[in-house]
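Contents: one structure, followed by commentary.
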Amino acid sequence: MLLFVILAILVIWLTISSRIPRDEWWFRIADFPRLQILFVGILTLAGLIWWPEAWTIWREILLIALMVAIAYQLKMILPYTFIWKDQVKLVRQEDLNPDNQISMIVSNVLTPNRQYQKLIDLVDELQPDLLLTLETDQSWQNALNVIEKDYPYRVAVPLDNLYGMHLYSKLELKDAAVKYLLSDEIPSIHASVILRSGNEVDLYCLHPQPPSPTEAAESTLRDAELLMVGDAIKDIDQSCIVMGDLNDVAWSKTTRLFQRISGLLDPRVGRKFINTFHADYPCFRWSLDHVFHSIDFALVKMERLPHIGSDHFPVYTVLQTDRMYEHIHEEIEEEEGDQEEADEKIQEGIEKSRTENLKTDIPNGQVQAP
């Protein structure tokens with residue numbers, strides 16, 4: 001009985017702590033394992049109900065609190081299951097138009113991982129229009145030289161600090177730039193991609209720092225970087241894709257605020273989780289690698305790819321743009337106070353960056369085109 005009581009208190013506390021508006025990692029970490037918390041909560045609830053001991057008022061209070069916690073966890077994760085309404089429509093077979101499609105692989109390769117060929121084989125097999133690699137250093141850049149013949153447009157930022165980033169594109173990249181929004185150690189790639197039809201798509205590739213005891217003590221910079229991009233997107237009448245390892249889960253408060261501010265859609269809603277981390281531990285996985293897009297895109301395909309030796313699985317996504325989808329999709333509306341909250345978090349990130357002198361001499365990435 002004591003074990004069930006301890007587990008119930010843990011589930012209740014983790015649920016409450018995820019609601020506390022604090023940036024410290026020990027609060028924000030509770031955003032991630034909601035599936036695991038739910039599973040433990042349901043088992044604990046069953047144990048408390050069926051345990052053969054006399055009922056007491058404290059047992060009843062604990063049961064009610066636990067049921068509330070379970071209900072909240074269900075509320076957060078059910079949108080990413082098939083029982084929910086699709087946020088992004090699937091392109092019908094008769095409407096497929098390759099000229100208006102864009103295919104992408106997002107892959108956090110894990111810098112020390114040297115199983116280069118596994119990723120190369122996936123690229124050779126799927127031939128995506130875009131390949132975004134994260135945590136890539138000079139060794140990874142050298143190994144991926146073999147795909148450059150098929151990817152004439154490239155942006156290379158090889159780093160040894162786990163924040164290296166490379167973008168390989170078959171499609172023309174326009175105004176490609178490497179930006180360091182809050183820290184000169186954490187790059188992002190911003191560009192416009194020209195589809196085969198001539199349509200132009202704004203592209204933002206991100207990999208903000210995660211809140212954790214080994215990375216950042218707080219989520220302030222991660223939240224600010226994501227919301228800065230969302231705020232820049234919201235007033236632009238332009239096709240847009242944001243992709244990368246955001247070091248946040250789709251159901252977190254920050255990511256949901258980002259969606260409401262930017263208006264971008266998540267093709268996983270109403271379908272599946274696509275949990276990408278941790279690749280080596282099936283019981284401890286959640287979705288850290290994301291693709292968000294504007295409402296003029298519909299989904300052709302999205303799937304998690306096989307293990308490449310990293311702690312992340314790659315994600316493969318194919319989208320198709322057409323103005324008709326703007327009339328089919330429901331827009332994500334801002335809620336009262338969203339803009340004020342986003343502005344506050346962005347300002348907190350800027351002030352933290354200045355206080356910690358994170359913006360100094362900005363290194364440059366290498367942009368290549370034929």
**R0 of 45 Å, Cβ-Cβ distance GLN347-ALA71: FRET efficiency to nearest 0.05** = 0.85
**Request:** For the chain, give the percent of accessible area contributed by carbon and sulfur heavy atoms, probe 1.4 Å, rounded to a whole number.
**Result:** 57
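How big is the Kirkwood radius of segment 210-345, worked out from every pair of different alpha carbons and given in Å to one decimal?
The Cα-based Kirkwood calculation yields 15.9 Å.
Give me the dipole magnitude in Debye, nearest 20, for the chain about the Cα centre, with unit charges on the beta carbon: positive for Lys and Arg, negative for Asp and Glu.
Values: 33 positive and 56 negative charges, 246 e Å.
The dipole magnitude comes to about 1180 debye.
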**Message:** Let me understand segment 164-203 better: what is its radius of gyration from the alpha carbons, and its Dmax, in angstrom?
**Reply:** 11.6, 36
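Once you sort the root eigenvalues of the Cα gyration tensor of segment 1-123 as a ≥ b ≥ c, which label holds: rounded (a/c under 1.5), prolate (a/b larger than b/c) or oblate (the other case)?
Working: a/c = 2.82, a/b = 1.98, b/c = 1.42.
Judged from the Cα gyration tensor, segment 1-123 comes out prolate (a/c at least 1.5, a/b above b/c).
I need the chymotrypsin sites (Phe, Trp or Tyr not before Pro) found in segment 1-75, filtered to DSSP loop residues with at most 16 other beta carbons within 10 Å of theirs. All intermediate terms of the calculation are to be shown ahead of the outcome.
Working: sites: PHE4, TRP13, TRP25, TRP26, PHE27, PHE39, TRP50, TRP55, TRP58, TYR72; in loops: TRP55.
Answer by residue number: TRP55.
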**Request:** Take the alpha-carbon centre of segment 113-139, take the same for segment 179-229, and report the distance between them in whole Å.
**Result:** 20
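Using only alpha carbon pairs under 8 Å that are at least six residues apart, calculate the relative contact order of the chain and give it in whole percent. Walk me through the intermediate numbers first.
On the way: 764 pairs, mean separation 74.9, N = 370.
It comes to 20 percent, rounded to a whole number.
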**Prompt:** Counting only heavy atoms of protein chains, what accessible area per residue, in Å², does the chain have with a probe of 1.4 Å?
**Reply:** 45
**Request:** Measure out, as a whole number of angstrom, how far apart the alpha-carbon centroids of segment 26-89 and segment 263-340 sit.
**Result:** 24
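For the chain, the longest stretch holding no trypsin sites (Lys or Arg not before Pro) located in a DSSP loop with at most 12 other Cβ atoms within 10 Å is which?
In the chain, the maximal stretch lacking such sites is 115-322.
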**Message:** Tell me whether segment 129-286 comes out rounded, prolate or oblate; compute the Cα gyration tensor, take square roots of the eigenvalues as a ≥ b ≥ c, and use a/c under 1.5 as the rounded threshold.
**Reply:** rounded
**Prompt:** Using θ = phi - 60° and the Karplus curve 6.51 cos²θ - 1.76 cosθ + 1.60, what whole-Hz ³J(HN,Hα) does each residue of segment 19-36 get, with Gly and Pro shown as x?
**Reply:** 8, 6, x, 10, 9, 4, 4, 6, 8, 5, 5, 6, 5, 7, x, 5, 4, 5
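Is segment 230-286 best put as rounded, prolate or oblate by its Cα gyration tensor, with a ≥ b ≥ c the root eigenvalues, rounded for a/c under 1.5, and otherwise prolate when a/b is larger than b/c, oblate when not? Let's see the in-between values first.
Values: a/c = 2.43, a/b = 2.29, b/c = 1.06.
Verdict is prolate for segment 230-286.
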**Request:** Have a look at segment 91-150 and give its Rg and Dmax from the Cα atoms, expressed in angstrom.
**Result:** 13.9, 44
**Asked** Considering the alpha-carbon set of segment 159-252 alone, what are its Rg and its Dmax in angstrom?
**Response** 14.2, 46
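The values are calculated or read from the model by the stated rules, or taken from the named source; none is laboratory data. Because the structure is a prediction, the values reported are computed rather than measured. Positions of Cβ are generated from backbone atoms using ideal geometry, with glycine treated the same way; all protein chains shown enter the neighbour counts. For the accessible areas, the whole protein counts, side chains as well, though only heavy atoms, and no ligand, DNA or RNA atoms are used. Shrake-Rupley method; radii C 1.70, N 1.55, O 1.52, S 1.80 Å.
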